[in-house]
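*Asks:* Here it is, the structure, as structure tokens.
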Amino acid sequence: MSDRDHYDFRYSTFNGPVIARAEHDRGPVFTAMSALPAPPTAFTGREQHVRALLDVLDPGTETSADAVLISAVGGLGGVGKTALALHVAHAARARFPGGTLFVNMRGYDDSPTEPEQAVTSFLTALGIGRENLPSAPEELYALYRSALNSRGAVLIVLDNVSAAAQVVPLLPGDTRHRVLVTSRDSFDSLTARSITLDSLSQDEAVALIERSLTISDPDDSRASDEPDAVRILVDLCGRLPLALQIAAAQLRRRKTRPVSTLVADLRAAVDRVSALRAPGKDQYERDLLLRPVFDVTYGRLDADQARLFRLLAHAPAADFGHPTAVALSGISPADIMERLEDLAAVYLISSSPDGDRWVMHDLLRAYASTLSASEPVLAREATDAKNSLLQDFCLRTVSADKHLHGQLLADVPDLFPDRHAALAWLDSEHTSLIRAIQWAENAEHSNFATALGVCVDRYLQLQRHFTDGILVSETLLTAARRDEDRFLEMIALTTLGHSQHQLRLYRETAITHTKALRLAYSLNDHSAQATGWSNLGYCMHDWGQHDIAAEMLGRAQEMFSQLGDEHREAMAWNTLGMPLLELRRFGEDAQAHRNAQKAFHQTGDRQRDATAWINLGTALRAVSEFEDAVNAYMNAADLFAEQHDRYGEASAWNNVGSLLIKLREFETASEILHKCEAVFVSLREWHRVGAARWNIAQLHESQGRVLDARAAWKSAADAYALAGDEELATSARQNAEQLTPTSRTRTTPTYRGTAPPPPTCPPAPPR
């Protein structure tokens, strides 16, 4: 035997038969250690995720506590996981002298790649001939790990993994190597650095469309020619990379047509998810079809998960809380969290950082809606779920109203621990409530949706969501006229008038309340008649028709008194005092507000109690009882603060500040007025901003600071202009122009009655 055929086995230990074979040189051994697919074209955004992955894909940290063997990129199908992984792998491959290995595990295909197939491919890439591969899987994996250990650091990319079982056998035995995994499932059983992808930002999505078009044709200027259409397009695509890639392919195919035509097609599509399709395949040989991607994920759910997914898509807004999930699904509050987490694990929903709210992607919502419409049984399931949610919303809104306004209604459960919790729920569900009310367009939801619209009106008025108030009222009005429900029509007109009034649309308000009053007489509803006169009187007062206002409000007060409705009589007293002051009927106006304040205090209506105090302060100010007026305003401020009503609180303090100018307490007045201005600016209440700046201008004049006063007058004019009150804007400008070192202080505009009027009729119960 020659020296080449001689092997020295001395000092070795064997636990079984040994067969030794000499391998003679048959030429070079070829390896495939740079087999990454090409990096993605038009890759856009993801800077934060790229940095995070590059930080952990560092073989130099294998001996430190920060070493991370596995990095998992997860997310919804089509969100761009493969693109990110390959972009990062190409950026990092210089760090891996041992090379890179890549395999598509096809975890969501009918025939996924088995780990044995993948390891065989890897061993071949490592230069081991197939004829030398052992047959036993355990020996294959052992040989794979041994081959890796004999090389420098290697980056292993496992794309499209559907289960941890596809990953574990392929893990290297040395921590200097790195494994990068992409999946539509989260692998909680593995200790891995997890990166979850969401949709692109709007700017990133727009950039992707633009780059995709210009790479194909540098002269394609459609994206820059139609920026608004492109932004609408990317939103219709949910800013999902696969959908954007499909849209770009559709645009390339229709080269001579503007972007707006594709926008119109997608808007008109009954099934937008199915409409997002293009012929051919992408650079990774994947079909440009969105719906099959969603079909695969949906098909992997069990029956209970699939039902919950379908029903959650009917939440009125993309985000929802646990109570909404319970109401839609009928799953108990004790079990809902675990069920939601199951869907989150496959990226069909995602949670907020605190886990209190959940979000479903817009395209998934559209997809699930088509599933519900596909079968009569599923359609009935969706209808019942939406009606269940409407009932739950009604109950919670009425319960919250008890805390907001302190009026206890019979047979209404108390679902909130305190006022803060009630208001927080209403704020968090604001968008959902408005959208749910719009379900009244469908007769099958009309009863519950219109009842919710009536219940939510006082909250919208309190939080000054007047535009939403008009939207809700118009929805109720349409439903009422469709169903020939004159009582609901009267309520809708009344709530519409409240919102128009707060937006200072006085002519429209008067017309609307007059229509409601006529309906009240046709229905012979005496309470609604009295409230109609009260609403009209309030409008006439703010419109400057004080004689007419006093007559109308006096009639309303007498009618409520005859009906024995003490609470609404108090509202009429409170409003009546305002035109009485303008008519210089001093004493009568103060007594009217005292009557109102006492009644509101007795009934526990804290919001209107505060309003009565602020109006009483204005009445006392008119007769120069300044200290009593300050006390009244401060009582109002305390009550508004107790209710977290920043607008009302700042309005009360603004009045205090203007009085302190008269009392020559300039330093305190300045501090108060500037704080009020900041609050009103933050609330974008430009009319009140103008009032605060008007007072600040007066303060500067009283101090002899002419330049500061002139600047404040101009600033007040700007605020009034933003509010659409050109009369006061002109007055402020004139004050600025006429200001001289000897100018006298201007008269402050009177601001009263910060709280909105109540609905004229009690909420209509579900019918």
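*Asks:* Could you pull out every one of the helices (runs of 4 or more DSSP H) wholly within segment 421-526 that has 1 or more residues that are crowded, with 22+ Cβ neighbours inside 10 Å, touching a strand residue (DSSP E or B) at 6+ places or on another chain (Cβ under 6 Å) and of a type outside the set (Gly, Ala, Ser)?
*Replies:* The helices (runs of 4 or more DSSP H) meeting that bar number zero.
*Asks:* Further question: Identify the single condition in (1) surrounded by fewer than 17 Cβ atoms within 10 Å (Cβ to Cβ); (2) not in a helix (DSSP H, G or I) that PHE416 does not satisfy, given that it satisfies every other one.
*Replies:* (1)
*Asks:* Can you pull out every residue in segment 684-707 that is exposed (fewer than 15 other Cβ atoms within 10 Å of the Cβ) and in a helix (DSSP H, G or I)?
*Replies:* LEU707
*Asks:* Which condition number does LEU722 fail, the rest of (1) surrounded by fewer than 20 Cβ atoms within 10 Å (Cβ to Cβ); (2) in contact (Cβ under 8 Å) with a residue 40 or more places away in the chain; (3) within 38 Å of the chain's Cα centre (by Cα) being met?
*Replies:* Failing condition for LEU722: (2).
*Asks:* Another one. If I filter segment 192-230 down to residues being within 21 Å of LEU57 (Cβ to Cβ) and touching a Gly at 6+ places or on another chain (Cβ under 6 Å), which single residue comes out as surrounded by the fewest Cβ atoms within 10 Å (Cβ to Cβ)?
*Replies:* This residue is THR196.
*Asks:* Out of curiosity, is ALA637 in a helix (DSSP H, G or I) and either under 22 Å from LEU462 (Cβ atoms) or without any contact (Cβ under 8 Å) to a residue 12 or more places away in the chain (or both)?
*Replies:* Yes, satisfied.
*Asks:* Continuing with the same structure: Out of LEU404, LEU389, LEU340, LEU364, report the one residue that is crowded, with 19+ Cβ neighbours inside 10 Å, in contact with a strand residue (DSSP E or B) (Cβ under 8 Å, 6 or more places away or on another chain) and part of a helix (DSSP H, G or I).
*Replies:* Numbers: LEU404 fails: in contact with a strand residue (DSSP E or B) (Cβ under 8 Å, 6 or more places away or on another chain); LEU389 fails: in contact with a strand residue (DSSP E or B) (Cβ under 8 Å, 6 or more places away or on another chain); LEU364 fails: in contact with a strand residue (DSSP E or B) (Cβ under 8 Å, 6 or more places away or on another chain).
None of the other options fit; the residue is LEU340.
*Asks:* Condition check: under 42 Å from the mean Cα position of the chain (by Cα), part of a helix (DSSP H, G or I) and of a type outside the set (Lys, Arg). Does GLN597 satisfy that?
*Replies:* Yes: the conditions hold for GLN597.
*Asks:* Please go through (1) in a loop (DSSP other than H, G, I, E, B); (2) more than 40 Å from the chain's Cα centre (by Cα); (3) surrounded by 21 or more Cβ atoms within 10 Å (Cβ to Cβ) for LEU101 and return the number of the only condition it doesn't satisfy.
*Replies:* For LEU101, the failing item is (1).
*Asks:* What about ASP384, is it among the charged types (D, E, K, R), surrounded by fewer than 19 Cβ atoms within 10 Å (Cβ to Cβ) and assigned to a helix (DSSP H, G or I)?
*Replies:* Values: among the charged types (D, E, K, R): yes; surrounded by fewer than 19 Cβ atoms within 10 Å (Cβ to Cβ): yes; assigned to a helix (DSSP H, G or I): yes.
Yes, satisfied.
*Asks:* Does segment 584-597 contain at least one residue that is buried (at least 24 other Cβ atoms within 10 Å of the Cβ), touching a helix residue (DSSP H, G or I) at 6+ places or on another chain (Cβ under 6 Å) and in contact (Cβ under 8 Å) with a residue 60 or more places away in the chain?
*Replies:* No, segment 584-597 contains no residue that is buried (at least 24 other Cβ atoms within 10 Å of the Cβ), touching a helix residue (DSSP H, G or I) at 6+ places or on another chain (Cβ under 6 Å) and in contact (Cβ under 8 Å) with a residue 60 or more places away in the chain.
*Asks:* Something else about it: Might you let me know whether segment 669-691 holds any residue that is among the charged types (D, E, K, R), touching a residue at least 24 places away in the same chain (Cβ under 8 Å), within 19 Å of LYS714 (Cα to Cα) and touching a Cys at 6+ places or on another chain (Cβ under 9 Å)?
*Replies:* Scanning segment 669-691, I find at least one residue that is among the charged types (D, E, K, R), touching a residue at least 24 places away in the same chain (Cβ under 8 Å), within 19 Å of LYS714 (Cα to Cα) and touching a Cys at 6+ places or on another chain (Cβ under 9 Å), so the answer is yes.
*Asks:* Against the condition surrounded by fewer than 17 Cβ atoms within 10 Å (Cβ to Cβ) and either polar (S, T, N, Q) or under 25 Å from TYR284 (Cα atoms) (or both), how does ASP110 come out, does it pass?
*Replies:* Working: surrounded by fewer than 17 Cβ atoms within 10 Å (Cβ to Cβ): yes; either polar (S, T, N, Q) or under 25 Å from TYR284 (Cα atoms) (or both): yes.
Criteria met by ASP110.
*Asks:* Please state which of the following conditions GLY107 fails to meet, knowing it meets all the rest: (1) part of a loop (DSSP other than H, G, I, E, B); (2) over 48 Å from the mean Cα position of the chain (by Cα).
*Replies:* Result: GLY107 passes all but (2).
*Asks:* Across segment 244-270, which residue is surrounded by the most Cβ atoms within 10 Å (Cβ to Cβ) among those that are part of a helix (DSSP H, G or I) and of a type in the set (Lys, Arg)?
*Replies:* To start, the set of residues in segment 244-270 that are part of a helix (DSSP H, G or I) comprises 244-253, 259-268.
Next, only the ones that are of a type in the set (Lys, Arg) stay: 252-253, 267.
Details: ARG252: 15, ARG253: 12, ARG267: 12.
Looking at residues that are part of a helix (DSSP H, G or I) and of a type in the set (Lys, Arg), I get ARG252.
*Asks:* Of all strands (runs of 3 or more DSSP E) completely enclosed by segment 125-197, which ones contain at least 3 residues that are farther than 21 Å from GLU114 by Cβ and in contact (Cβ under 8 Å) with a residue 40 or more places away in the chain?
*Replies:* 193-196
*Asks:* Looking at ALA318, ALA313, can you tell me which residue is within 27 Å of the chain's Cα centre (by Cα), aliphatic (A, V, I, L, M) and modelled with pLDDT of 95 or more?
*Replies:* Checking each option against the conditions leaves just ALA313.
*Asks:* Right, another one. Does GLN407 satisfy the criteria of being at pLDDT below 95 and more than 26 Å from ARG357 (Cβ to Cβ)?
*Replies:* yes
*Asks:* Does segment 328-335 contain any residue that is touching a residue at least 12 places away in the same chain (Cβ under 8 Å) and either assigned to a strand (DSSP E or B) or under 16 Å from the mean Cα position of the chain (by Cα) (or both)?
*Replies:* For segment 328-335, residues touching a residue at least 12 places away in the same chain (Cβ under 8 Å) and either assigned to a strand (DSSP E or B) or under 16 Å from the mean Cα position of the chain (by Cα) (or both): absent.
*Asks:* Look through ALA678, ALA669, ALA610, ALA652 and report the one residue that is outside the structural domain of ALA709 (by TED's automatic domain parsing) and part of a helix (DSSP H, G or I).
*Replies:* Just one listed residue meets the conditions, ALA610.
*Asks:* Now for a separate question. Kindly indicate which of SER135, SER189, SER183, SER150 is of a type in the set (S, T, N, Q), crowded, with 20+ Cβ neighbours inside 10 Å and in the same structural domain as ALA52 (by TED's automatic domain parsing).
*Replies:* Step by step, each of SER135, SER189, SER183, SER150 is checked, and only SER183 is of a type in the set (S, T, N, Q), crowded, with 20+ Cβ neighbours inside 10 Å and in the same structural domain as ALA52 (by TED's automatic domain parsing).
*Asks:* Moving on to the next point. Of the residues that sit in segment 207-243 and are among the small types (Gly, Ala, Ser) and in a helix (DSSP H, G or I), which one is nearest to ALA366 (Cα to Cα)?
*Replies:* Residue satisfying both the conditions and the ranking: ALA243.
*Asks:* Criterion first (farther than 21 Å from ALA610 by Cα, in a helix (DSSP H, G or I) and not hydrophobic (A, V, I, L, M, F, W, C)) does ASP547 satisfy it?
*Replies:* yes
*Asks:* Now a separate question. Out of the residues in segment 725-737 that are in a helix (DSSP H, G or I) and of a type in the set (D, E, K, R), state the one that is surrounded by the fewest Cβ atoms within 10 Å (Cβ to Cβ).
*Replies:* Among those residues, the one meeting the criterion is GLU727.
*Asks:* HIS87 versus (1) of a type outside the set (Asp, Glu); (2) modelled with pLDDT under 90; (3) outside any loop (DSSP other than H, G, I, E, B): which is the lone unmet condition?
*Replies:* Checking HIS87 against (1) of a type outside the set (Asp, Glu); (2) modelled with pLDDT under 90; (3) outside any loop (DSSP other than H, G, I, E, B), the one that fails is (2).
The values are calculated or read from the model by the stated rules, or taken from the named source; none is laboratory data. Keep in mind that what you see is a predicted model, and the values were worked out from it rather than measured. No Cβ is skipped: glycine too gets one built from the backbone with ideal geometry, and neighbour counts run over all protein chains shown.
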